[in-house]
Amino acid sequence: MTTTTDTHCPYCSLQCGMRLRTGPEVGAAGAEVLERPGFPVNRGALCGKGRSAPALLARDVRLTGPLLRDRPGGPLRSAGWPEALDRVAEGLAGVRERHGADAVGVFGGGGLTNEKAYQLGKFARVVLRTANIDYNGRFCMSSAAAAHRRAFGLDRGLPFPLEDIPHTDCLILVGANPAETMPPALRYFRELRENGGTLIVVDPRRTRTAAEADLHLQPRPGGDLALALGLLHLVIADGLVDEEFVAARTTGFDRARAAAMAHWPDRVERLTGVPVARLREAAALFGRAATGMVLTARGPEQQSKGTDTVGAWIDLCLATGKAGRPRSGYGCLTGQGNGQGGREHGQKADQLPGYRSIEDPAARAHVAGVWGVDPETLPGAGRSAYELLDGLGQPGGVRALLLAGSNPVVSAPNAGHVAGRLRALDLLVVADPVLSETARLADVVLPVTQWAEEDGTTTNLEGRVILRRRALDPPEGVRSELWVLRELAARLGVVDGFPAEAEPVFDELRRASAGGDADYAGISYRRIAAEDGVFWPCPDTAHPGTPRLFLDRFATPDGRARFAGVTHRPAAEEPDRDYPLYLTTGRVLAQYQSGAQTRRVPELNAAAPGPFVELHPRLAARLAVGEGELVSVTSRRGRAVAPARVTDTIRPDTVFMPFHWPGAGRANTLTNPALDPVSRMPEFKLCAVRVERAEGEAS
């Protein structure tokens, strides 16, 4: 029988609404995508990734049964679920007994549903009793989250719905390329300009998004902090500070003003490469606008100074009175599908559900009460994502790792080193729908369900909690992560508290989050379906949800927003004589994250079949390199080889590589794991490299 099910795209943080038509006549995947015009985020629009998502449901591109490795270096073989789960449970218990609870680790993903993220955190702390759990969202939004909490007392990607964007007067988009990373969102920025608003894009490359802008500022990588401070300097010097707002709703402006005054226009031009005239134009456009927004993405955030960089852009909003008001504010364009919810409910090393601090005694007592355990048994904060990966197999580090929803062999910084650390483990267990590059290194591979085969919630970049619905059955040998955690918990001596169905897990999550910053207590499956999603915080069932935050007060103890008052500093690694160029990395339209899924879709692979190195014609001429010829890119961590793509849309001192591919063209072989001191975000977005011809080599 043919049926249709309202659900959501499995990819980016828009979580676009779609309708799945399923039935035997639909094709090998058993499903096809139809538009769902009534869902407000995308209003029916879908990108190529969303439209082709059912291709991954076909049996020939995915895992359909567990795999085991009998000896180190030996081949993976097929196994039944009882044997696989016994092997995992025995291995985890053995490592814990020999080396202690913290020698067992868990690494999650920003694409997991809220229910899976919550249960993974609970499993780590209640069953394994380990402090060492973190997730790949640490690599995406953590700097923005830290800056958001520091300034406003609360982190939600956007403190307003997307529908507000077209109605602001001036918007600065920093280090974001939604035309390629979340195409259905581009309409909001186009509508802004159609309504008479101004769009300013800050990016070292003239991307498809920058081509839509009224003004494009093209700083060198790592210049975002100085640029924000330079704009704040001009706003102050030109008398564009909203003194009434600053006095009534903020603290710390004197410190921020002093920091900005040290970043005069000529100095900022030298630091960023952006001409003074363009700095003045941008400051006037934003400062004189009645309403305005600043939105950041990975460009300014994935830096060793990412928290301060975002803080400086927030300071610009606060000084001009463009926060905590309608059609104004700072926001982060969250990347992964559940990057928002994934960081709220227990996957992060320092957090418990509801965005609670794991070091807060009251938070520990509340969550322990929901879980039915003694608060004293809950571990403290563990290692952040890269620190956890860097210590794998080392003395005092994790020796057995359960990994779900992530592919760090491709996506982690200094990826060659990370792959070596994964090989050094006593036990690596990977749960994934496909045989990713990381899964190929595992001792046990567990095939798990996909978005169309299970119920579950995610939280999009607006803080809108939405519901994915099961539209078809998974293959016979595939199980949900919730089922896997239940079975493992039972084998490790915890028989209660781990249901295999999503809705009971969500109901417990609601109780665990109650009273926390990310309060889901008033949200239910029924309500999500009826209202096209519910915005948190929503503390009870009578509460309408909160689409717009901070309109009356900020979430700080005194209700005032806090200026960061930061100053420019160089990147952890700047170009020098041996490595004279900047490398920056990012995404392309047809691929997604580590590519483990999209590289298996023929339509997407045809559009973006492999890695490349984008370089300016002046640099190409100096190297005597033509379009499509192989070049090598070398950093202090490794070397990558890929075809040249010659374009004048990039700065002459910068090269760009997308990070979706493994092998010789793996961009993250090169990237720098230097960490932001607050967020522990690695510096993906810039490192020093040299580029040379690579004659006679295979890409």
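The values are calculated or read from the model by the stated rules, or taken from the named source; none is laboratory data. Nothing here was measured: the structure is a model prediction, and the numbers come from that model. Don't worry about glycine lacking a Cβ; one is built from the backbone with ideal geometry, like all the others, and counts go over all protein chains shown. Areas reflect the complete protein model, heavy atoms only, side chains present, ligands, DNA and RNA absent. Shrake-Rupley method; radii C 1.70, N 1.55, O 1.52, S 1.80 Å.
Charge tally around Gly175: other residues with Cβ under 15 Å, Lys/Arg +1 each, Asp/Glu -1 each, net +2. Rounded to a whole number, what % of the accessible area of region 437-509 do carbon and sulfur atoms account for, probe 1.4 Å? Accessible surface attributable to carbon and sulfur in region 437-509 totals 42 percent.
Over region 374-522, what is the relative contact order in whole percent, taking alpha-carbon pairs under 8 Å and six or more residues apart?
On the way: 195 pairs, mean separation 19.1, N = 149.
Averaging sequence separation for qualifying contacts and normalising by length gives 13 percent for region 374-522.
Figure legend: label point modelled 7 angstrom from the Cα of Glu97 along Cα→Cβ; residues of region 490-513 with amide N under 20 Å from it are 490-495. Can you give the local net charge around Glu212? Use residues other than it whose beta-carbon is closer than 10 angstrom to its beta-carbon, Lys and Arg +1, Asp and Glu -1. My count for the surroundings of Glu212 gives +2. Computed from backbone phi, the HN-Hα couplings of region 494-500 come to 10, 9, 10, x, 9, x, 8 Hz, rounded to whole numbers (Karplus: 6.51 cos²θ - 1.76 cosθ + 1.60, θ = phi - 60°; Gly and Pro given as x).
What percent does the relative contact order of region 39-100 come to when contacts are Cα pairs within less than 8 Å and at least six residues apart? Let's see the in-between values first.
Numbers: 24 pairs, mean separation 11.5, N = 62.
Computed over region 39-100, the figure is 19 percent.
Per residue, the average separation of C-alpha pairs within less than 8 Å and at least 6 apart gives the chain a relative contact order of 19 percent.
Ligands, DNA and RNA are left out, and with a 1.4 angstrom probe the accessible area of region 352-449 is 29 Å² per residue. The Cα center of region 41-62 and the Cα center of region 65-80 differ in position by 30 Å.
Label sites at Ala624 and Ala237, each approximated as a point 7 angstrom past Cα along Cα to Cβ, lie 4.6 nm apart.
Keeping the other protein chains in place, figure out the carbon and sulfur percent of the accessible area of region 109-215, with a 1.4 Å probe. Mind showing how you got there, number by number?
On the way: 920 of 2310 Å².
Taking all protein chains in place, region 109-215 shows 40 percent carbon and sulfur surface.
Between Trp264 and Asn195, what FRET efficiency follows from the Cβ-Cβ distance if R0 is 30 Å, with the result rounded to 0.05?
Efficiency for this residue pair is about 0.30.
Evaluate Rg over Rh across region 522-678, taking Cα atoms for both radii and Kirkwood's formula for Rh.
Details: Rg = 22.8 Å, Rh = 19.8 Å.
We get a ratio of 1.15 for region 522-678.
Annotation: per residue accessible area for region 505-602 equals 42 Å², rounded to a whole number [probe 1.4 Å, protein chains only].
With the simple model of a label 7 Å out from the Cα in the direction of the Cβ, Ala500 to Asp552 spans 4.6 nm. One chain, two ends: Arg129 and Arg255. Fully extended at 0.36 nm per residue, the span grows by 41.1 nm beyond their Cα-Cα distance.
Candidate cross-link partners of Lys348 among the lysines, defined by an alpha-carbon separation under 24 Å and a same-chain spacing of 8 or more, comprise Lys116, Lys122, Lys305, Lys685. Loop-located GluC sites (Glu not before Pro) in region 634-699 (DSSP state other than H, G, I, E, B) with a sparse environment of at most 13 neighbouring Cβ atoms within 10 Å: Glu695, Glu697.
Each other residue within a Cβ distance under 10 Å of Pro10 adds +1 if Lys or Arg and -1 if Asp or Glu, for a net charge of +2. Residue-wise HN-Hα couplings along region 73-80, as the Karplus relation 6.51 cos²θ - 1.76 cosθ + 1.60 with θ = phi - 60° gives them from phi, are x, x, x, 6, 10, 5, 8, x Hz; Gly and Pro carry x.
If the chain linking Arg569 and Asp653 were pulled fully straight, counting 0.36 nm for each residue of separation and taking away their Cα-Cα distance, it would gain 28.3 nm.
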